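Written below as structure tokens is the structure these notes are about.
The values are calculated or read from the model by the stated rules, or taken from the named source; none is laboratory data. Keep in mind the model is a prediction, meaning the values are calculated, not measured. Using ideal geometry, Cβ is built from the backbone for each residue, glycine included, and neighbour counts are taken over all protein chains shown. Note: accessible area is taken over every heavy atom of the protein model, side chains too, but ligands, DNA and RNA are not part of it. Shrake-Rupley method; radii C 1.70, N 1.55, O 1.52, S 1.80 Å.
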Amino acid sequence: MAVRTRITLLFTLLVVAILTLVCASVYYFSYTNRVKDIQTRLANRAITTGHLLGQGAAFDQALIRKIDASTSVAMRDKVVQAYDRNNIRIYWYSDNPADTLHIDKPILDKARKTTDHIYFTQAKKDAIAFYYTDDNASLVIIAAAYDEAGNEKLRHLRLVLSLSFIGGILISVIGGYLFSISLLAPIKRIADEVNDISARNLTRRIRSVATDPRDEWYYFSGTLNQLLNRLQESFEIQGRFIANASHELSTPLTSISSQLEVALQRVRTIDEYRQVIASVYQDTRQLSKLTQTLLEFARASGTAGGLEIDLLRIDEILLRLPAEITKVDPLFSVTLDFDRLPEAEEELLVFGNEELLFTAIRNIVSNACKYSNDHHAVIRLAVAAKEVHITVEDKGRGIGEEEWENIFQPFYRTDNGAGIPGFGLGLSLSRRILQLHKGTISVNSILGIGSTFSIMLPSAAKI
């Protein structure tokens, strides 16, 4: 079922429920008032008759009947009957001589026990049984009549309410349909604009259908535009990544191809072939290293759900770094500062993939050693507020503040890094791995003095 149809039906059902409640309430209270009114008039008639019958010396029954006949009190087909203590009818009056009431003994007994009158209906007539007593008489007066005016008003009210109910339903259907069109119009407009957006025109944005920031449609269109901003940024990063990766891969391949082509142009000495093979071997190692880095980057670009997560001690991972960094370059050295470790070893535990975390930290430390004049890095470990904090400090060339965010982009290299081997993937890979572990990385650097990279990982105790 279409949303527009559902909205129309729900709106109509709501209006029908309200109309039903209103119409039923109006009719109920009108009916109750009519019954109360006819009871009051019948009770007055019964009291009057009982009083007259109690004055038997002054009023005989023929005179009382004339009095009853002359008081119409806006009622038709009146019947008045009186019963003594033995339930014998001692008085009877009816507008229609053939009309009479059949009164059972339980009604008479109940009337004698009730301080007020009792109400009942018989043959479309409203009737009351009233127990009248004074010094001269003790009678049960039955007064009944057809409330022509009251019933006519109720019939007219039923007609008005029925027409109003039907008209209300028709109006609610039409109003609900128009309301659904008005409600869904912004969604259709937004959907049409989204359909016009493709990978080729991601710069296009959705025009807001509302101007008030508190409006839900304003929030909805703004959220979609934020999504498009992220998609555009992702496409641009992907495009740059592919272009840079293609360039980095083609460089060693072109070098290998060129050297082999030159070597095959004529017969060369063994030493010349050795030089060519050594150069090709270096390019091949560079190509292999780049390929391995790209594979690690692709692995880290997945989701945390696909990783093998274990409970790890972060200090044990850091203890592997000095030996590993020396393997990268014998000139590189690392100092570990664990002076601020907590007394509880549990606070050093983190959830994560050991090899990926080691790769992320190793890349940062390797960069610190690579870009430092003394090729030395200091690693500090501390725990605060159930968070593990790792800082990597160097006394290198430093990074300009305008480049702090760019250095975490794939294949980005600073001007200070010219002439130093690398692909510009290390920091980008590290940040991605840390994000998979719900961690963060930031940099603070001063040109000519050095840089400090700060890593934060949530402690297993926090999770």
Requested in this report: Looking for whichever is surrounded by 13 or more Cβ atoms within 10 Å (Cβ to Cβ), part of a helix (DSSP H, G or I) and out of contact with any Lys or Arg (no Cβ under 8 Å at 6 or more places or on another chain) here; the options are G150, G167, G175. Which one fits?
Outcome: G175
Report task. Take the stretch 384-402 and flag every residue that is within 44 Å of the chain's Cα centre (by Cα), on the phi < 0 side of the Ramachandran plot and either of a type in the set (S, T, N, Q) or open to solvent by 30 Å² or more (accessible area, probe 1.4 Å) (or both). Result -> A384, E387, H389, T391, E401, E402
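Mind counting the residues in the stretch 74-121 that are in a strand (DSSP E or B), over 60 Å from the mean Cα position of the chain (by Cα) and farther than 21 Å from H51 by Cα? Talk me through it step by step, then tell me what you get.
Going residue by residue through the stretch 74-121, those that are in a strand (DSSP E or B) are 76-83, 89-94, 118-121.
Narrowing the set further to residues that are over 60 Å from the mean Cα position of the chain (by Cα) leaves 76-83, 89-94.
Now drop any that are not farther than 21 Å from H51 by Cα, which leaves 76-77.
Residues meeting the conditions: 2.
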Report task. Starting from the stretch 177-198, take each residue that is under 17 Å from D215 (Cβ atoms) and among the basic types (K, R) and list its partners that are open to solvent by 70 Å² or more (accessible area, probe 1.4 Å) and outside any helix (DSSP H, G or I), counting only C-beta distances under 9 angstrom and pairs at least six apart or across chains. Result -> R189/R207
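Condition check: in a strand (DSSP E or B) and under 57 Å from the mean Cα position of the chain (by Cα). Does Y131 satisfy that?
Working: in a strand (DSSP E or B): yes; under 57 Å from the mean Cα position of the chain (by Cα): no.
When the stated conditions are applied, Y131 does not pass them.
Only one of these is part of a helix (DSSP H, G or I), more than 30 Å from R380 (Cα to Cα) and either out of contact with any Ser or Thr (no Cβ under 7 Å at 6 or more places or on another chain) or at pLDDT below 80 (or both): T326, T251. Name it. Full working, then the answer.
Details: T326 fails: more than 30 Å from R380 (Cα to Cα).
Only one candidate passes the filter, namely T251.
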**Report entry** Per-region count, the stretch 7-39, residues surrounded by 14 or more Cβ atoms within 10 Å (Cβ to Cβ) and under 14 Å from I169 (Cβ atoms)
**Finding:** 9
Query raised in the report: Among the residues of the stretch 261-292, which ones are hydrophobic (A, V, I, L, M, F, W, C), without any contact (Cβ under 8 Å) to a residue 60 or more places away in the chain and open to solvent by less than 100 Å² (accessible area, probe 1.4 Å)?
Result: V262, A263, V276, A278, V280, L287
Report summary line: Per the filter on the stretch 396-423, residues part of a loop (DSSP other than H, G, I, E, B) and modelled with pLDDT under 70 are A418, G419, P421, G422, F423
Query raised in the report: Being within 30 Å of L356 (Cα to Cα), surrounded by 11 or more Cβ atoms within 10 Å (Cβ to Cβ) and at pLDDT below 80, is that true of even one residue in the stretch 212-231?
Result: yes
